[in-house]
Each structure stands twice: as structure tokens, then as C-alpha cells.
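Below you'll find the structure, written out as C-alpha cells, and then a few comments.
The values are calculated or read from the model by the stated rules, or taken from the named source; none is laboratory data. These numbers were taken from a predicted model, which means no experiment stands behind them. Virtual Cβ from ideal backbone geometry, glycine too; neighbours counted across all protein chains shown. Heavy atoms of the whole protein, side chains included, go into the accessibility calculation; ligands, DNA and RNA do not. Shrake-Rupley method; radii C 1.70, N 1.55, O 1.52, S 1.80 Å.
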Amino acid sequence: PLDGPATVPPFVFEGYTIATEQIAWTPNDHLLITLRDVTDDSVGIYEVDPASEREFLQPRLRIANGSSPTVSHDGSVIAFERDTDGFSQIWTTTLIGFGEQKISEHPTGISCFEPDFGPQALYFLCEIDGVASLFRYDTAGSLVMYQSTGDAEISHPAAAPAPGYLGYDDGTRIYLRRDSDAASIEAVLAQDETGNVKFSMLRWQPSFQVR
């Protein structure tokens, strides 16, 4: 917590390992975490109440064979990755766990990954011919591929908390573009001219006051 101690006890889940995937918050301040079951090596998205006493933490399976959750800004939908035949695709489901739907409709052999919700759309990457391409799926069900205007190797898409901009990086530079226009011009937000400093994984922070 921002107004609490500098450190808190770590999460430890007996029988599971924590996967190195993105986590997400639900509207009731619970965490969605990707865990791997050590008994059968299966992966799933589990819900955890971080306010619980550490010795009573019990992860609850929310989505089997899922990883990298992201929650829509209205708190009603979860998007996630699901591995099928060795290739990942983007799926969505309601927060209460009904109506699973595959969003990325690509031929076998193409993986889609790194979903991130913006205020008005879901963004994710798909690797096509060895190059990661950025896609936008809006509330009307329209799927649009963004056109790169430079030589950026796109990774880690991150939409602003309010309608406006979309960020991503190529491992060295961070780029911005308008999130509502798939043909907008990329602008470089951060780069190091010497090449000694790498910039990646932009994350937005909503404006708020600590009381």
C-alpha cells in the first residue's frame, strides 16, 4: 500500500509457482495472477485477495489454460492468452466467468500475445512472418491492424488510462501514437542517443490523490 510499510510479506502458494506473466486488478481489489500447478505443470489464471492474512491465502482458479490477464476499464471483461497446439491466441470472458470468446482469428502457426485494455478497445500483438504486429479490437467487434510508420519492433503495448494515446517499445525506444487511429504517426517518447540505455515496458498511472 502507498501509505503502508515499505515492504510486505511475499506471496507464497503451496503447490504452485508464479509465472512471469502480467498481473491484473479486479474491481473488488483482488489480483489475477498466472500460476503453474507443480503436480501436472498446468497453467491457469487465479484470483487472490491480497488483503487476506498471508497464511490463509488461497488462490481460486478463474480461467483454466490461461495466462497474462488484463481487465477492461469498466471491470466487466477479462482478456487473456490461451495456448492451443503450441500457439497462443487472445480470448475474452466476463468477469463472472461466462461467455469465453476467441478474439484473434488467425491461421494455425500464428501466435497472439500481450493483451492490454484501453478505455475503448483491447490491444494485442500477433507474430506474422516473424514480425510482431499490433492489433486493436474495439467494443463494436472491429479488428484493425496498426500500420508501423517506422522500423519499430513492437512489444509491450500499453494504452493510456483515458482515451488518447497508446505506447509500446522496441526494446530500445518507447513510442507513442494516437490510440483511435491505426494510421497515426509514431512519435518517439524516450530514447538514448548513445545506445547504452534501453527503454521498454511503458506503464501508465491514472491521476489520483493519496488520502
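Think of a 1.4 Å ball rolled over the protein heavy atoms: the chain then has 57 Å² of accessible area per residue. Simple rule: put +1 on each Lys or Arg Cβ and -1 on each Asp or Glu Cβ in the range 12-56, find the dipole, and look at G44, Q22, L32; the Cα lying farthest toward the positive end is Q22.
At the residue level, I33 shows approximately 10 square angstrom of accessible surface with a 1.4 angstrom probe and all protein chains present. Size descriptors for the range 36-166 (Cα atoms only): Rg and Dmax, in that order, 15.9, 51 Å. Separation of the range 68-88 from the range 29-50 is 14 Å, based on Cα centroids. Computed over the Cα atoms of the range 112-151, pair by distinct pair, the Kirkwood hydrodynamic radius stands at 10.6 angstrom. For the range 66-123, the fraction of C-alpha pairs farther apart than 13 angstrom is 56 percent. Ordered by 1.4 Å accessible area with all protein chains kept, K102, K198 run largest first as K198, K102.
For E14 and S180, the FRET efficiency from 1/(1 + (r/R0)^6), where r spans their Cβ atoms and R0 equals 41 Å, is about 0.35.
Using a 1.4 angstrom probe on heavy atoms only, work out the carbon and sulfur share of the accessible area of the chain in %.
Working: 6280 of 12020 Å².
About 52 percent, which is the carbon plus sulfur part of the accessible surface.
Solvent-accessible area of I110, all protein chains in place: 30 Å² (probe radius 1.4 Å, heavy atoms, ligands and nucleic acids excluded). Between the amide H of F87 and any residue lying 5 or more places away or on another chain, no distance stays under 5 Å, with hydrogens modeled in the peptide plane. Per-residue extension of 0.36 nm, minus the Cα-Cα distance of T172 and D40, leaves a gain of 43.8 nm for this segment. Are there GluC sites (Glu not before Pro) in the range 39-126 that DSSP marks as loop and that have at most 12 other Cβ atoms within 10 Å, and which are they? For GluC sites (Glu not before Pro) across the range 39-126 that sit outside H, G, I, E and B with at most 12 neighbouring Cβ atoms in 10 Å, the list reads E53, E105.
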